[in-house]
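Down below is the structure, laid out as structure tokens.
A short reminder: the numbers here are calculations on the coordinates, not readings from a lab. None of these values were measured; they are calculated from a predicted model. FYI the Cβ positions are ideal-geometry reconstructions off the backbone, even for glycines, and counts take in every protein chain you see.
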Amino acid sequence: MSQTRRDWLLSDAPQTRRQARLGAIYQGWLTFRANKLAMFGLIILVILIFTAIFAPWIAPQNPFSQDLGGRLAPPSAEHFLGTDALGRDILSRLIHGARITLFIVGTVALIAPIIGLFIGTVAGFAGGWLDQVLMRITDIFLAFPKLILALAFVAALGASIGNAVLALALTAWPPYARLARAETLTIRNADYIAAARLQGAGPMRLLIRHIWPLCISSLIVRVALDMAGIILSAAGLGFLGLGAQPPMPEWGAMISDGRTYILDFWWVAAMPGLAIFIVSLSFNLLGDGLRDVLDPKGGKE
């Protein structure tokens with residue numbers, strides 16, 4: 001980037017709203033880039049996304065192709081991470097399994113915060129009996145461990161990857177609702193809210209135009225930090241046979257398939273477990289970096 005462009009972005013007296021917005025984004029990027037661990041997490045996740053998109057071309061073999069003659073083969077030049085009990089290439093299954101992981105994480109990260117944002121801001125802005133009802137419902141969901149509640153939903157809906165995603169989304173929204181409500185309570189009586197109300201803005205306009213934008217940054221940080229838990233919950237459902245069904249190469253199901261051979265053929269369960277660990281760690285590192293950018297006071301605490 002040229003020095004002139006950089007000076008324009010970092011100007012202390014922006015001339016237009018566009019310049020101020022771009023300058024804030026660039027300053028946030030500089031803060032994020034200074035965090036080496038956050039950059040490491042971002043690089044890992046970019047590699048994961050790239051791998052998921054181009055899985056059919058990157059995977060060395062067909063992830064569903066069985067070779068009983070080569071079952072439980074150790075890592076070698078032919079099979080870099082070895083083979084499983086049916087002779088399927090573990091590396092190819094991990095690469096294709098990245099698609100399932102991103103699908104689960106992306107869908108839950110899209111559904112749960114939206115539900116939580118709507119319920120939390122409505123409760124905090126309306127107050128009164130509506131606040132009490134919505135928060136008591138939230139407390140009921142929070143009273144159960146997420147995985148246990150997800151197991152109950154999947155058991156009722158049926159074992160499938162779609163139902164697993166729905167169950168995880170239905171159990172993940174309460175913390176976002178609590179966070180959005182707390183943010184709303186701090187700003188609902190602000191002067192600019194009163195000014196917008198005097199100008200004729202209705203409740204929905206106040207929520208959408210003035211309250212939601214101020215809650216989104218905190219939700220983004222919380223979502224990034226929760227992604228590791230979502231991956232582990234999805235892997236737990238897959239491990240129990242309630243998520244992606246065979247022969248889909250889901251990482252939790254791969255660990256379940258390999259637990260029988262963990263002592264003698266460790267790579268069958270260890271490789272998908274290592275993949276889950278690396279991706280979960282990357283999301284945590286990314287979340288820490290985003291917290292420094294979007295919530296600097298929280299990051300310093």
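Region 259-298 and region 83-158 have Cα centres separated by 18 Å. Counting Lys +1, Arg +1, Asp -1, Glu -1, what net charge surrounds residue 285 among other residues with beta carbon under 13 Å of its beta carbon? Its environment carries a net charge of 0.
Note: relative contact order over region 99-234, using C-alpha pairs below 8 Å and six or more positions apart, is 39 percent. The slack between residue 194 and residue 132, meaning 0.36 nm per residue of separation minus the straight C-alpha distance, is 20.0 nm. Treating r as the C-beta distance of residue 12 and residue 46 and R0 as 45 Å, the FRET efficiency rounds to 0.85. Let me know the shape class of the chain, please: from the alpha-carbon gyration tensor, a ≥ b ≥ c as square roots of the eigenvalues, rounded when a/c is under 1.5, otherwise prolate if a/b is greater than b/c, or oblate. It is oblate, given that a/c is not under 1.5 and a/b is not larger than b/c. Per residue, the average separation of C-alpha pairs within less than 8 Å and at least 6 apart gives the chain a relative contact order of 23 percent. Based on the alpha-carbon gyration tensor of region 8-146 and its eigenvalue square roots a ≥ b ≥ c, which shape applies: rounded if a/c is under 1.5, prolate if not and a/b is larger than b/c, or oblate? Oblate is the answer for region 8-146, as a/c is 1.5 or above yet b/c matches or exceeds a/b. Placing pseudo-labels 7 Å out from each Cα toward the beta carbon at residue 66 and residue 261 gives an inter-label distance of 1.3 nm.
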